[in-house]
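Novice: Encoded as structure tokens, here's the structure I'll be asking about.
Taken together, the values in this text are just the output of simple stated rules run on the coordinates, not laboratory data. As the structure is a computational prediction, the values presented were derived from the model and not from experiment. As a convention, Cβ positions derive from the backbone with ideal geometry for all residues, glycine included, and neighbour counts pool all protein chains shown.
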Amino acid sequence: MIGRSARLELVFEARGGGTAIAHAYAEPPFRIGRSFDIDGAAYVILVCSGPGIFAGDALDLSISVGAGARVVLTSQSALQVHPSTAVSPAAIRHRCTVEDGAELIAHWDPVIPFAGARLDQRFDLRIDESSAVYWSDALMSGRVSRGETWCFDSVAHELRVRVGAALKYQERYTLQPKQRAIAHPWIGGGMQYAATALTHHEHATMEAAELLQRTIETEGGEDVRFGVDLVEPRLVVGRLLGASGASFAAARASFRRLVLASVFGRPSDLIRK
């Protein structure tokens, strides 16, 4: 049913030295913004125009970046997850394919689970060995400014990265604050924000990971924790925790800019809103 179950499809292809949208389909509340050319890449802001997602809703996103295409994606704003009496949790399924020699830079605003919310989100990235990918998703503990932290019922999260036919990275967890206190010093401590940043590139090396780690440690401040490592050849993973929204957003943006400049060799201000 449109509204409770919504689908978004985007297919990009290389054309005439640039990148164009070859296919676009969006069901409410999804909306696809206009494509802009930035440094030869197609820049698109994805919009979820409704109030958010409720238990029982299902959002399905499919994005394909064709051979040689270059794409920059971001969301318009954070996605709110609301509670409801539905039996099944809110579900997000996000599949992304990046083909031979293509480049994808995707930076998503955080998900905000409200008190009592239930969410099951899964990201499936399938990328070619020769592709270049930067991907970052994030999660908040709740409406922090209202003191509503770690009050949701459950958040199940899975991020899978396949390079060619091989599974190279998998991140999976379920958070249930009522059963296990996330704010415990040995779990989340005083952190309220979390993000993952993946970089797949021929210049994603151990030296690059060490540079990213040193830089973010210097710039992050006391209320930000960051760990960066080369988990597979050409695949660097960074995990970020933040105690405050401002420092978290600044550290995340700083990390992205550094990756684009030092690894991709791209302008550091590709993401614009």
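Novice: Can you tell me, using C-alpha contacts under 8 Å and at least 6 residues apart, the relative contact order of the chain as a whole percent? Walk me through the numbers on the way to the answer.
Specialist: Working: 709 pairs, mean separation 32.9, N = 273.
Taking the mean separation of contacting Cα pairs over the length of the chain, I get 12 percent.
Novice: May I pose another question? So how do 173-186, 130-143 stack up, highest first, on mean other-Cβ count within 10 Å? Working shown, then result.
Specialist: On the way: 173-186: 12.2, 130-143: 21.6.
Top of the packing list down: 130-143, 173-186.
Novice: Give me a comma-separated list of calculated 3J(HN,Hα) values for region 234-249, in order, Karplus coefficients 6.51, -1.76, 1.60 applied at θ = phi - 60°, integers in Hz, x for any Gly or Pro.
Specialist: For region 234-249, the Karplus curve yields 6, 10, 10, 10, x, 10, 10, 10, x, 8, 10, x, 5, 5, 4, 5 Hz.
Novice: Select from region 168-214 those GluC sites (Glu not before Pro) which occupy a DSSP coil region and have at most 12 other Cβ atoms within 10 Å, ordered by residue number.
Specialist: Details: sites: 171, 202, 207, 210; in loops: 202.
The qualifying sites are 202.
Novice: Right, something else. Would you mind checking which residues have amide H under 5 Å from residue 266's amide H? H placed 1.01 Å from N; only 5 or more apart, or other chain.
Specialist: Hits under the 5 Å cutoff: 261.
Novice: Provide the packing ranking of 37-50, 63-76, 157-170, i.e. peptides ordered by the mean count of other C-beta atoms within 10 Å per residue, highest first. All intermediate terms of the calculation are to be shown ahead of the outcome.
Specialist: Values: 37-50: 17.4, 63-76: 20.9, 157-170: 15.2.
Those peptides, ordered most packed to least, come out 63-76, 37-50, 157-170.
Novice: Another question, if that's okay. Quick check on packing: order 95-102, 4-11 by the mean number of other C-beta atoms within 10 Å, highest mean leading. Each step should come with its number before you reach the end.
Specialist: Values: 95-102: 19.6, 4-11: 17.4.
The packing order, highest mean first, is 95-102, 4-11.
Novice: Scan around residue 22 for amide H atoms under 5 Å from its own, H built in the peptide plane at 1.01 Å from N, and keep only partners 5 or more places away or cross-chain.
Specialist: The answer is 11, 12, 13.
Novice: When the Kirkwood hydrodynamic radius is evaluated over all pairs of different C-alpha atoms of region 5-264, what value in angstrom, to one decimal, is obtained? Show your work: numbers first, answer last.
Specialist: On the way: mean 1/r = 0.0531 Å⁻¹.
One decimal place: 18.8 Å for the Kirkwood radius.
Novice: I'd like the Karplus ³J(HN,Hα) series for region 143-160: coefficients 6.51, -1.76, 1.60, θ = phi - 60°, whole numbers in Hz, and an x wherever there's a Gly or Pro.
Specialist: The phi angles translate into 7, 4, 5, 9, x, 9, 10, 6, 10, 6, 6, 7, 9, 9, 9, 9, 10, 10 Hz.
Novice: Sticking with this structure for a sec: For residue 77, list long-range residues whose amide hydrogen, built 1.01 Å from N in the peptide plane, is under 5 Å from its own amide hydrogen.
Specialist: Placed amide hydrogens put 48 under 5 Å from residue 77.
Novice: Karplus couplings for region 174-188 from phi (6.51 cos²θ - 1.76 cosθ + 1.60, θ = phi - 60°), rounded to Hz, Gly and Pro as x?
Specialist: Karplus-based 3J(HN,Hα) across region 174-188 equals 10, 9, 9, x, 6, 9, 8, 5, 5, 6, 4, x, 8, 10, x Hz.
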